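Here's the structure we're looking at; comments come further down.
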Amino acid sequence: MLSAVRRGILGGTFDPPHLAHLVAGETARRELDLDVVTYLPAGRPWQKAGREVSDPRHRWEMTRLAVAGVPYFVADDREVIRDGWTYTADTLATFSADEDLVLILGADAAAGLPTWHQPQAVLARAHLAVMDRPGVERDEVEAAAGAVHWLDTPLLGISGTLLRARRRVGGSLRFLVPDAVLAYIESAGLYARD
């Protein structure tokens, strides 16, 4: 009998995808012996209702470009093509039952798990692998999410919020996002100056 696929899932807005996302996926793959890391851009992230989020098609294309060329990274559009709000519990249920799923999260997201839609369904379907984030204590995460695997990733102070702000004031994103993502941002005119 063949063993189940061990799949890491790294979801998010990816507005834009950046090097910290890639480092997280690489670290999780190596530490947890994952077969593949799936990058899932959220279609309509309900926790960002009322906030400006780039069109899902742009975020999907940037995610696809960000992981291109890494044989064990894949971009998955199942949330982008889904109608309505996207919930992690619903998405996890769409993966084959014989797959061993590991949800890769930043400590800030993991600490907020109790606010998610059906958090117990998330914990029942996937193990959690968590990256430290500045300002979030490990005990806060463990109180919210229970036992997690702490990833040994360097603390990279990169976020989509920071990158969008840099771009809007004319700052460079070079070396913060993959070159193909930067080229896409520039050609599509994303995050242009106000």
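Just checking, does the stretch 88-107 include any residue being closer than 22 Å to Val53 by Cβ and aromatic (Phe, Trp, Tyr)?
There is no residue in the stretch 88-107 that is closer than 22 Å to Val53 by Cβ and aromatic (Phe, Trp, Tyr).
Identify the residue in the stretch 88-134 that is among the polar types (S, T, N, Q) and surrounded by 15 or more Cβ atoms within 10 Å (Cβ to Cβ) and, among all such residues, is farthest from Leu19 (Cα to Cα).
Taking the stretch 88-134 and keeping what is among the polar types (S, T, N, Q), we get 88, 91, 94, 96, 115, 118, 120.
Within this subset, residues satisfying the condition of being surrounded by 15 or more Cβ atoms within 10 Å (Cβ to Cβ) are 88, 91, 118.
Working: Thr88: 23, Thr91: 24, Gln118: 30 Å.
Restricting to residues being among the polar types (S, T, N, Q) and surrounded by 15 or more Cβ atoms within 10 Å (Cβ to Cβ), the top hit is Gln118.
Can you tell me which residue is farthest from Met131 (Cα to Cα) among those in the stretch 1-41 that are among the β-branched types (Val, Ile, Thr) and touching a strand residue (DSSP E or B) at 6+ places or on another chain (Cβ under 8 Å)? Before the answer, list the steps.
Just the residues of the stretch 1-41 that are among the β-branched types (Val, Ile, Thr), to begin with: 5, 9, 13, 23, 27, 36-38.
Restricting the remaining residues to those that are touching a strand residue (DSSP E or B) at 6+ places or on another chain (Cβ under 8 Å) gives 5, 9, 13, 27, 36-38.
On the way: Val5: 22, Ile9: 13, Thr13: 17, Thr27: 10, Val36: 18, Val37: 15, Thr38: 17 Å.
Checked the stretch 1-41; the qualifying residue farthest from Met131 (Cα to Cα) is Val5.
Report every pair of residues separated by at least 6 positions or lying on different chains whose Cβ atoms are under 8 Å apart, first residue within the stretch 67-81 and farther than 15 Å from His21 by Cα, second open to solvent by 40 Å² or more (accessible area, probe 1.4 Å) and assigned to a loop (DSSP other than H, G, I, E, B).
Once the first residue is farther than 15 Å from His21 by Cα and sits in the stretch 67-81, its partners that are open to solvent by 40 Å² or more (accessible area, probe 1.4 Å) and assigned to a loop (DSSP other than H, G, I, E, B) give Arg78/Thr94.
For the condition over 20 Å from Ile158 (Cα atoms), open to solvent by less than 50 Å² (accessible area, probe 1.4 Å) and assigned to a loop (DSSP other than H, G, I, E, B), what is the one hit in Gly43, Gly8? Quick ask: steps written out before the conclusion?
Numbers: Gly8 fails: assigned to a loop (DSSP other than H, G, I, E, B).
One residue alone meets the criteria, Gly43.
If a residue has to be at pLDDT 95 or above, more than 15 Å from Gly12 (Cα to Cα) and within 19 Å of the chain's Cα centre (by Cα) to count, how many in the stretch 129-143 make the cut?
The total comes to 1.
What number goes with the only condition from (1) modelled with pLDDT under 95; (2) of a type outside the set (S, T, N, Q); (3) touching a helix residue (DSSP H, G or I) at 6+ places or on another chain (Cβ under 6 Å); (4) within 27 Å of Arg30 (Cβ to Cβ) that Trp85 does not pass?
Every listed condition holds for Trp85 apart from (4).
Restrict the check to the stretch 71-78 and report whether at least one residue is of a type in the set (Asp, Glu) and in a loop (DSSP other than H, G, I, E, B). Working first, answer last.
The first filter runs over the stretch 71-78 and keeps only residues of a type in the set (Asp, Glu), leaving 76-77.
Right, trim to in a loop (DSSP other than H, G, I, E, B) and you get 76-77.
There is at least one residue in the stretch 71-78 that is of a type in the set (Asp, Glu) and in a loop (DSSP other than H, G, I, E, B).
For the stretch 135-166, give me each residue that is part of a loop (DSSP other than H, G, I, E, B) and farther than 20 Å from Pro17 by Cβ. Don't jump to the end; show me each part of the working.
Let us first name the residues in the stretch 135-166 that are part of a loop (DSSP other than H, G, I, E, B), namely 135-137, 146-148, 151-159.
Answer for the stretch 135-166, where residues must be part of a loop (DSSP other than H, G, I, E, B) and farther than 20 Å from Pro17 by Cβ: Gly135, Val136, Glu137, Gly146, Ala147, Val148, Asp152.
The values are calculated or read from the model by the stated rules, or taken from the named source; none is laboratory data. Since this is a predicted model, take the numbers as computed values, not measurements. A quick note on method: Cβ atoms are made from the backbone with ideal geometry, for glycine too, and the neighbour counts reach across all protein chains shown. Surface areas here come from the heavy atoms of the whole protein model, side chains and all, with no ligands, DNA or RNA. Shrake-Rupley method; radii C 1.70, N 1.55, O 1.52, S 1.80 Å.
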